[in-house]
Each structure stands twice: as C-alpha cells, then as structure tokens.
Amino acid sequence: MEALKPLDLRIREAQAELDESDTLQRRADLAALQARAGRPDEAQATLQPLLSGIYADDPVVLLTSAELDLARGQAAEAEDKLRRVDLKASAATRTRTLTLLAQAQDAQGKPEADATFKDALNAATTEEPRARYAAYLARQGRRDEARALLDALDKTERKATNLYRRQEREWFQLGRELRKDLK
C-alpha cells in the first residue's frame with residue numbers, strides 16, 4: 001500500500017517523521033524520496049546536516065550526497081566527498097565509490113577517470129562499473145573496447161540466475177542500449 005501513495009504525500013509524511021525525531025535513517029529516507037521526485041537540491045539540503053556532524057564520514061551519507069552532487073552537475077564537490085570514503089569498509093562500498101568517482105572525474109574531463117573505472121572493475125560487486133565504463137569508452141570513441149565489455153556483460157546476463165538478472169536489470173538494460181548504439 002505504501003508504494004501506491006503519491007510521492008508528494010510520502011515526502012510530507014517522511015518530513016513529519018523527521019520533524020518528530022531527527023535520525024540518520026529518517027533523513028536518508030526523506031532525501032531518497034526527494035531525489036526520486038526529481039528534487040536533488042532539496043535532497044542535498046536534507047543531507048547537509050549529516051555532512052558536518054557525527055555522520056560526516058559515514059559511507060552511506062557521503063555516497064548519497066556525492067550522487068546528488070553529480071545529479072546537480074557539481075562533479076568537483078562529488079569528487080571531494082568520494083575521496084573521504086574509506087575504501088576498505090566493504091567491497092560494495094568500494095565498488096560504488098570508485099564508480100561514482102570515475103563518473104565525477106569524467107564529468108570534469110579528468111584523464112584519471114579511465115584508471116578509476118578500471119579500479120572499480122577489479123573488485124566489482126555489481127555490473128554497474130562495467131556498464132558505466134562501456135558508456136565512457138563509447139563516448140571516448142573507443143568502440144572496440146566498449147564492445148568487448150558489452151559482450152562480457154551480455155555473457156554474464158545470459159548465464160546469470162533470475163535473481164541476479166533482476167538485481168542488475170538496470171545495468172543489463174544499459175548494456176543492451178549501448179550495444180544498439182554501437183552498431
């Protein structure tokens with residue numbers, strides 16, 4: 001039933017819950033709803049108090065805030081936050097951080113984006129780095145390298161369990177779209 005509620009109503013309810021008790025979880029939930037509603041500025045404002053408090057080094061806060069910075073076209077700010085994330089926290093955190101960092105570097109035209117994408121691929125826990133790196137390579141005019149990554153992504157999808165296909169649906173879809181564009 002919760003998913004059927006209009007997004008604006010869910011945002012108002014989440015704001016009321018936050019007003020009642022200001023917790024990390026409630027702030028993160030409200031920011032996620034605001035971002036989903038296409039309101040990245042509001043979402044970033046919701047997270048802002050966490051960036052200087054006791055949660056300033058929390059990977060979830062930093063990753064979420066960096067992702068919002070990228071959505072708002074503020075790649076340098078995103079890169080600064082991503083450099084604060086402890087890459088030893090977990091493989092998933094490392095994968096997400098390096099993927100976002102590569103995107104931030106790419107958005108700024110930094111040549112190290114290529115190496116950062118490769119680092120993200122080395123310990124990837126999802127298909128996102130592979131799909132995003134293929135998109136990067138295609139934009140760089142490196143079509144053969146992009147095709148090789150997309151072929152590997154396609155092979156993974158064909159061999160994957162139904163659960164993994166569902167979990168990685170967004171990245172498999174991006175791979176199919178990129179493959180069409182490269183033909």
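The values are calculated or read from the model by the stated rules, or taken from the named source; none is laboratory data. Bear in mind the structure is a predicted one, so any value in this text is a computation, not a measurement. Cβ: placed from backbone, ideal geometry, glycine included. Neighbour counts: every protein chain shown. Heads up: the accessible areas ignore ligands, DNA and RNA and are worked out on the full protein's heavy atoms, side chains in. Shrake-Rupley method; radii C 1.70, N 1.55, O 1.52, S 1.80 Å.
Here are a few things to note about the model shown:
- Subset of the range 141-162 (residues that are over 23 Å from residue 125 (Cβ atoms) and in contact (Cβ under 8 Å) with a residue 12 or more places away in the chain): 143, 147
- Out of 24, 70, one residue alone is open to solvent by 20 Å² or more (accessible area, probe 1.4 Å) and at pLDDT below 90. It is 24.
- Only a single criterion out of (1) closer than 27 Å to residue 29 by Cα; (2) in contact with a helix residue (DSSP H, G or I) (Cβ under 6 Å, 6 or more places away or on another chain) is not satisfied by residue 105, namely (1).
- The residues of the range 113-147 that are over 20 Å from the mean Cα position of the chain (by Cα) and either of a type in the set (Ser, Thr, Tyr) or open to solvent by 60 Å² or more (accessible area, probe 1.4 Å) (or both), listed by number, are 140, 142, 143, 144, 145, 147.
- The one condition from (1) in a helix (DSSP H, G or I); (2) among the hydrophobic types (A, V, I, L, M, F, W, C); (3) open to solvent by 40 Å² or more (accessible area, probe 1.4 Å) that residue 47 does not meet is (3).
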